[in-house]
2 protein chains.
Amino acid sequence: MENSKPSTSLSGESLLYLTDEQLRKGIEAMFFAYRGFTADPDRILENLDYGRAHHRALHFVHRSPGTTVGNLLAILGVTKQSLNRVLRTLFDDALVEARVGKKDKRERHLYLTEKGAALERELSDAQRARMRAAYRAAGPQAVQGFRTVLEAMMDPEMLRQFQRMLEGGK
Amino acid sequence: MENSKPSTSLSGESLLYLTDEQLRKGIEAMFFAYRGFTADPDRILENLDYGRAHHRALHFVHRSPGTTVGNLLAILGVTKQSLNRVLRTLFDDALVEARVGKKDKRERHLYLTEKGAALERELSDAQRARMRAAYRAAGPQAVQGFRTVLEAMMDPEMLRQFQRMLEGGK
DNA sequence: TTGGAGTGTCAACAACGCTGACGTATCGTT
DNA sequence: AACGATACGTCAGCGTTGTTGACACTCCAA
């Protein structure tokens, strides 16, 4: 337990936003918001035979076409057995295809097929629609803050991966 | 698919933050940040025989002592069978106790035991420490924006529940 | 007294994590 | 050419947490 009630008027800036109570509210907001965040894609997926894991795989293959299995493993933070189960169904259903690496033939480079791209777009559209509405309602300054706090919440390694990924995407 | 590239200079304020690319980055930030968000409690839980679901139950019982099972069900958004499995282990291990309702004897009001409060505190401290660090690093304005966007991301019903909960907690 | 609400529980199942172990192809370096 | 390391796939088994469906009990309120 650290400072429950930080002393006020330290440097002119109020530190009331660091009280345990405020932090707790932030935690709860994160919990409820994440539910909303995944709700729309989940609704689409539940009809098909896919789950959230498939969505994540599609998302990152779309984001980084030609990425290798090992790459995806690192990004998703799961075991290869877990990812493999998902990838296999995506291969079987022809949503993703793997091409043997040109330079290193051990590597499998992953690409979305037309069909995979279509599903990814459907999921992505639903999720982005909610994000867009939230962003629009909150305004650019709030969005800036949102992103800042989220990045500060990540583990350092994740943050590095995240920022490296941002460079790719314009 | 909505507006990929909103026309600029609409009302003086740039709408660049609403591009699909920016939204996509926000989605990814949410994904990575949530991983960080749960990482610390997860680490503590994995040693014990509990999981994330136990953490959530402890959190909300702590937050709203005396809450009923039905209440908790609504907040957590799971089925009673799922919650019951978790609650049973918490009862068995004497982390949570249920008292029959005084007014309505069908209801079970949930309270943390000393032991439960201790574990809740341990988990909560870990999670709050990360939030505090993130908040501090980002600053009060960013935190304000963070909260605004999160609330805008919630489903309307969740938002109502969330705001009702906030009133309780000072 | 009867219907419905709040709760507990049994059984079965699915999604998605995990570990451990093993196999194969390929690469890079002696 | 041989060998160890790397990238990947796969089998087997298991745990947590979610789901549905069904049934029973208690209790409140009309």
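Tabulated results
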| item | result |
| --- | --- |
| Cubic angstrom per residue, convex hull over Cα atoms of the range A:67-170 | 139 Å³ |
| Under the Debye formula (equal points on every Cα, no solvent term), log10 I(q)/I(0) of the range A:117-170 at q = 0.32 Å⁻¹ | -1.01 |
| Student exercise, chain A dipole from Lys, Arg, Asp, Glu Cβ charges, in Debye to nearest 20 | 540 debye |
| Inter-copy separations for A:Met165, label at 7 Å along Cα-Cβ, nm, ascending | 2.6 |
| Closest approach to the axis - chain B beta-carbon, rotation onto A, Å | B:Gly145, 1 |
| Per residue Cα convex hull volume in Å³ - calculated over the protein assembly as shown | 169 Å³ |
| Nm distances between copies for B:Lys115, ranked from closest, using label points 7 Å along Cα→Cβ | 5.3 |
| Label-point separation, B:Arg88 to B:Ala74 (7 Å along Cα→Cβ), nm | 2.6 nm |
| Long-range HN-HN contacts of A:Thr67 with modeled amide H, under 5 Å | A:Leu110 |
| Size-normalised alpha-carbon gyration radius of the range B:1-153, reference 2.2 N^0.38 Å | 1.36 |
| Hz values of 3J(HN,Hα) by residue in the range A:125-133 - Karplus curve (6.51, -1.76, 1.60), Gly and Pro given as x | 4, 5, 5, 5, 4, 5, 4, 4, 4 |
| Amide H contacts under 5 Å for B:Val96, placed H, 5+ residues apart | B:Phe91, B:Thr113 |
| Inter-label distance for B:Arg136 and B:Glu167, nm, one decimal - labels placed 7 Å from Cα along Cα-to-Cβ | 3.4 nm |
| Calculated [θ] (222 nm, deg cm²/dmol) that DSSP helices of n ≥ 4 give over the protein assembly as shown, each run adding -39,500 (n - 2.57) | -22000 deg cm²/dmol |
| The range A:71-78 - phi-based ³J(HN,Hα) in whole Hz, Karplus 6.51/-1.76/1.60, Gly and Pro as x | 4, 4, 4, 5, 5, 7, x, 10 |
| Calculated label separations, A:Glu97, copies of the chain, 7 Å along the beta-carbon direction, nm | 6.5 |
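Values quoted throughout were computed directly from the atomic coordinates according to the rules given, and no laboratory measurement underlies them. From a predicted model like this one, the values you see are computed outputs, not experimental measurements. So basically every Cβ, Gly included, is an ideal-geometry build from the backbone, and we count neighbours across all protein chains shown.
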